[in-house]
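S.K.: Got a structure for you, written out below as C-alpha cells; questions coming shortly.
The values are calculated or read from the model by the stated rules, or taken from the named source; none is laboratory data. Treat the numbers as computed from the prediction; the structure is a model and nothing was measured. All Cβ positions, glycine included, derive from the backbone under ideal geometry; neighbour counts span all protein chains shown.
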Amino acid sequence: MSRVAVVTGGTRGIGHAISARLKADGMRVAALYSGNDEAAMHTREELEIIVLKCDVAESLECRSVLAEIESLLGPVDVLVNNAGITRDATLHKMNDNDWDRVIRVDLNGLYNMTRPVIEGMRARGFGRIINISSINGQKGQFGQTNYSAAKAGVIGFTKALALENARKGITVNAIAPGYIDTDMVAHVPHDVLEQIKAGIPVGRLGRPEEVAACVSFLAAEEQAFITGSTLTVNGGQYLA
Ligand code: CAA
C-alpha cells in the first residue's frame, strides 16, 4: 500500500511542487491550504489529490483535518510542515500582530500538525517528518526578526524531535531553502531582491522543484539513517 503524505501550504509555491513530487513518487497526498481557494481548486484538479482548508496556527483545526485525512486515506506516514508566511518589518516598526502571526503559523504550526500524528507513527514504527525552515533562520535577515526566529525554531524542533523518535523508525529533518522563485519572494522590494540575487553564487533564484526533490529524497522508504539534519538548498548563498 502506498504511503500517505500530508503537505501543509501544499497548493502554492514550494508546497505545490512538493505535493506534485510526492504524488509522482506514488504517494497518496493531501495538501492543506489556508487562504487562496482558487489556487487550492486548481491544485486539486491538476494533481488529483485531496485538498483541504486548514489554518496550521489553529490546533483544533489541525486535529480535525488530520482525523479527516486519516478517515479518507489512512494513517499519515509522511508529514511535510511547509506552511509559512512573512510579515517583514524592522523590529522598531513591527507590530504585535506581525510578530504573533508569523510565530503562530511558521513555528506553532509544527507543533499543531505534528502532535496529533506522532503517537501513531511511533506505534506503527514508521514516519518521515520534513520541516521547511529557511536560509534566514540560519543566518538572520534584516527585517525578519519574527521569521528568522520562527525558522531557527524549526531547526531546534527538528533536532529534538529527531532524537526522541530515532529508535521508532521515524526520521525528522529540516530543509533550509534560500530564495526560491515563488510569490513570497516576489513580494520582496525589487531593489532589495536584485541585491539578494547578486549574492547567490549559482546566479539565479532556486526553483520550487529543486526543494521538492530534496523532500522526496528525505521521505524515501530506504532513507532511514538521515535524521535531525538540515539540508541547505540555497545556491551557495550561505554555507551553514
Ligand atoms: N542591511 C543593512 N541595512 C539595510 C538593509 C540590509 N539588508 N536593508 C535596508 N537597510 C537600511 C536601508 O538602507 C535604510 O537605511 P537609511 O535609513 O540609512 O536609508 C534602512 O535600513 C531602512 O530601515 P527601515 O526600518 O526604514 O526599513 P524599511 O521600513 O524601509 O523596510 C524591510 C525594511 C521591509 C525589511 C525591507 O528592507 C525588506 O522588505 N527587505 C527584504 C527582507 C527579506 O529579504 N525578506 C525575505 C522574504 S522571502 C523569504 O523570507 C523566503 C525565504 O525563506 C528566503
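S.K.: Only residues that are more than 19 Å from the chain's Cα centre (by Cα) and assigned to a helix (DSSP H, G or I): list them for the stretch 45-70, please.
M.R.: GLU45, GLU46, LEU60, SER64, ALA67, GLU68, GLU70
S.K.: What's the number of the condition GLN141 fails, among (1) within 24 Å of THR11 (Cα to Cα); (2) modelled with pLDDT of 95 or more; (3) near the ligand (Cβ under 10 Å from one of its atoms)?
M.R.: (1)
S.K.: Report, by residue number, each residue of the stretch 134-172 that is under 25 Å from PRO75 (Cα atoms) and not hydrophobic (A, V, I, L, M, F, W, C).
M.R.: THR158, LYS159, GLU164, ASN165, ARG167, LYS168, GLY169, THR171
S.K.: If you check ASN95 against the conditions, is it within 29 Å of VAL78 (Cβ to Cβ) and either buried (at least 19 other Cβ atoms within 10 Å of the Cβ) or at pLDDT 95 or above (or both)?
M.R.: no
Residues are listed down the side, and each one gets a yes or a no for (1) at pLDDT 95 or above; (2) in contact with a helix residue (DSSP H, G or I) (Cβ under 7 Å, 6 or more places away or on another chain):
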site	(1), (2)
MET27	yes, no
GLY35	no, no
ALA40	yes, no
GLU48	yes, no
LEU66	yes, yes
LEU72	yes, no
VAL76	yes, yes
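S.K.: I want to confirm something. Restricting to the stretch 195-214 and keeping residues that are in a helix (DSSP H, G or I) and not aliphatic (A, V, I, L, M), which single residue is surrounded by the fewest Cβ atoms within 10 Å (Cβ to Cβ)?
M.R.: Filtering the stretch 195-214 for residues that are in a helix (DSSP H, G or I) and not aliphatic (A, V, I, L, M), the one surrounded by the fewest Cβ atoms within 10 Å (Cβ to Cβ) comes out as GLN195.
S.K.: Report every pair of residues separated by at least 6 positions or lying on different chains whose Cβ atoms are under 6 Å apart, first residue within the stretch 59-84 and farther than 29 Å from PHE217 by Cβ, second of a type outside the set (Phe, Trp, Tyr).
M.R.: SER59/ASN112; GLU61/CYS54; GLU61/ASP55; ARG63/PRO116
S.K.: ARG115 - would you say it is of a type in the set (Lys, Arg), at pLDDT 95 or above and in a helix (DSSP H, G or I)?
M.R.: The answer is yes for ARG115.
S.K.: For the stretch 160-206, how many residues meet the condition of being away from the ligand (no atom under 14 Å from the Cβ) and either under 30 Å from ARG124 (Cβ atoms) or touching a residue at least 40 places away in the same chain (Cβ under 8 Å) (or both)?
M.R.: Residues that pass the stated criteria total 14.
S.K.: Given (1) within 10 Å of the ligand (Cβ to nearest atom); (2) within 19 Å of the chain's Cα centre (by Cα), where does LYS93 come up short, assuming only one miss?
M.R.: Failed condition: (2).
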